[in-house]
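Novice: Sharing a structure here in structure tokens format.
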Amino acid sequence: MNKGKTLIILLLLLFSFSVQAQEKVDFYFIHPGGEGSADDAKPYLSEFFAYLNEQTGKNFQGIYLNDLDDDVEALTDEKVDMAIVSPSFLLKFKNKFLLQTVLKTIPAYSSGPYEKYFIMTNQDTDITKLASSHSKVKLYTAQEYSKEFLNETIFGDNDAIKKISWQLLPSPDITTTIKEIAAGNNNTFVLLSGYEFSVVNALRKKNPAYQSLKLAFSSSELPSSSLVIVGDKQQNAIEPLKQALLIMPKTLGGNIILKRLRLKGFTE
């Protein structure tokens with residue numbers, strides 16, 4: 001009888017452990033205005049979550065959302081336990097959704113937890129002359145940025161560049177736009193994220209078609225995206241998650257996954 005009771009207790013403990021090991025954690029990637037779609041990101045996130053599940057014994061699941069309304073709805077409906085969120089989203093909604101920063105991301109092109117933005121143009125363009133001109137100056141972008149974000153975040157305290165009458169123009173094909181600027185489209189500029197700039201800069205060094213591009217402006221170091229926890233959700237998952245993320249760059253599989261997510265790693 002005692003042996004039977006012992007066996008039942010052991011089975012219950014094993015079952016309990018199994019359920020706990022498979023505890024579901026909703027982990028979202030939230031980047032309003034970001035490129036691509038949830039379907040595009042799905043295979044990369046699947047690899048990322050599989051790595052986390054193996055390392056932590058949890059059951060991480062989630063999606064990528066780049067529409068502000070969808071992002072807010074997901075948090076309002078309490079679908080999100082934790083997320084990697086863009087700096088602007090964190091600044092705007094930190095208090096509303098009780099977002100607590102756990103780690104910062106290190107972008108693939110960066111040496112630390114910061115982002116930068118760059119403006120490029122044709123080598124024959126004289127940017128100093130444009131500041132005194134009242135005519136609109138075309139500034140193409142791969143993503144949609146607001147005038148406020150351009151002036152307050154990217155330009156910061158640089159009053160000289162703010163004097164130019166920038167006309168933000170989202171490009172349907174940024175690669176073609178950059179080629180046209182390189183081919184001689186003077187007084188026309190392109191605004192690039194740090195990752196976009198790293199790609200273009202690599203092309204500029206290897207491909208003659210891009211060698212007539214020059215760097216006109218680079219922003220100061222700006223905050224990178226953050227891993228946040230929503231309120232006090234999943235407190236027991238935080239420490240194993242942190243450890244799994246911090247060691248990612250030290251493993252071959254982790255490095256491959258990070259590169260596909262355009263990250264170098266995470267840091268405290």
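The values are calculated or read from the model by the stated rules, or taken from the named source; none is laboratory data. All figures in this text were calculated on a predicted structure; none of them were measured in a lab. A quick note on method: Cβ atoms are made from the backbone with ideal geometry, for glycine too, and the neighbour counts reach across all protein chains shown. Note: accessible area is taken over every heavy atom of the protein model, side chains too, but ligands, DNA and RNA are not part of it. Shrake-Rupley method; radii C 1.70, N 1.55, O 1.52, S 1.80 Å.
Novice: Measuring from centroid to centroid over Cα atoms, what is the spacing of the range 206-241 and the range 68-147 in Å?
Specialist: Centre-to-centre (Cα) distance: 9 Å.
Novice: Now, a different point. Ignoring everything except DSSP H segments at least 4 long, calculate the 222 nm mean residue ellipticity for the chain; use -39,500 (n - 2.57) per segment, divide by total residues, nearest 500.
Specialist: Numbers: 10 runs with 106 residues, N = 268.
Using -39500 (n - 2.57) per qualifying helix, the result is -12000 deg cm²/dmol.
Novice: Taking the range 30-72 on its own, what percent of its Cα-Cα pair distances exceed 17 Å?
Specialist: Tail of P(r) above 17 Å: 38 percent of Cα pairs.
Novice: Keeping every protein chain present and rolling a 1.4 Å probe, give me the accessible area per residue for the chain in Å². Let's see the in-between values first.
Specialist: Values: 14760 Å² over 268 residues.
Using a 1.4 Å probe on heavy atoms only, each residue of the chain averages 55 Å².
Novice: Which GluC sites (Glu not before Pro) in the range 90-171 pass both tests, a DSSP loop state and at most 14 other beta-carbon atoms within 10 Å?
Specialist: GLU144
Novice: Can you give the alpha-carbon Rg of the range 130-268 over 2.2 N^0.38 Å, where N counts its residues?
Specialist: Relative to the rule-of-thumb radius for its length, the range 130-268 sits at 1.35.
Novice: By what distance, in whole Å, do the Cα atoms of the chain stretch along each of the three principal axes, largest value first?
Specialist: 93, 40, 30
Novice: What is the spin-label model distance, in nm, from ASN95 to HIS134 if the labels are put 7 Å beyond Cα along the C-beta direction?
Specialist: The two pseudo-label positions are separated by 4.1 nm.
Novice: When averaged across all projection directions, what area in nm² does the alpha-carbon convex hull of the range 187-242 cover?
Specialist: Approximately 6.8 nm², given one-decimal rounding.
Novice: What is the gain in length, in nm to one decimal, between LEU252 and ASP173 on full extension, counting 0.36 nm per residue of separation less the C-alpha to C-alpha distance?
Specialist: Here the segment from LEU252 to ASP173 would lengthen by 25.1 nm.
Novice: Which of the helices in the chain meet the span-like rule: DSSP H, Cα axial reach of 27 Å or more, Kyte-Doolittle mean at least 0.5?
Specialist: Details: long enough: 2-21 (28 Å, 1.29).
Length and hydropathy pass: 2-21.
Novice: Rounded to the nearest 0.05, what FRET efficiency do GLU268 and ALA38 give with R0 = 45 Å and r taken as the Cβ-Cβ distance? Could you check?
Specialist: 0.95
Novice: ALA108 to GLU47: extension gain in nm, 0.36 nm per residue of separation minus the Cα-Cα distance?
Specialist: Result for the pair: 20.2 nm of gain on full extension.
Novice: For the chain, what % of the accessible area comes from carbon and sulfur atoms, probe 1.4 Å? Write down the numbers at each step before the final one.
Specialist: Numbers: 7840 of 14760 Å².
Exposed carbon and sulfur together represent 53 percent of the surface.
Novice: Continuing with this model, one more query. Taking the Cα atoms of the range 61-174, report the difference between the largest and smallest coordinate on each principal axis, in whole Å and largest first.
Specialist: 51, 31, 28
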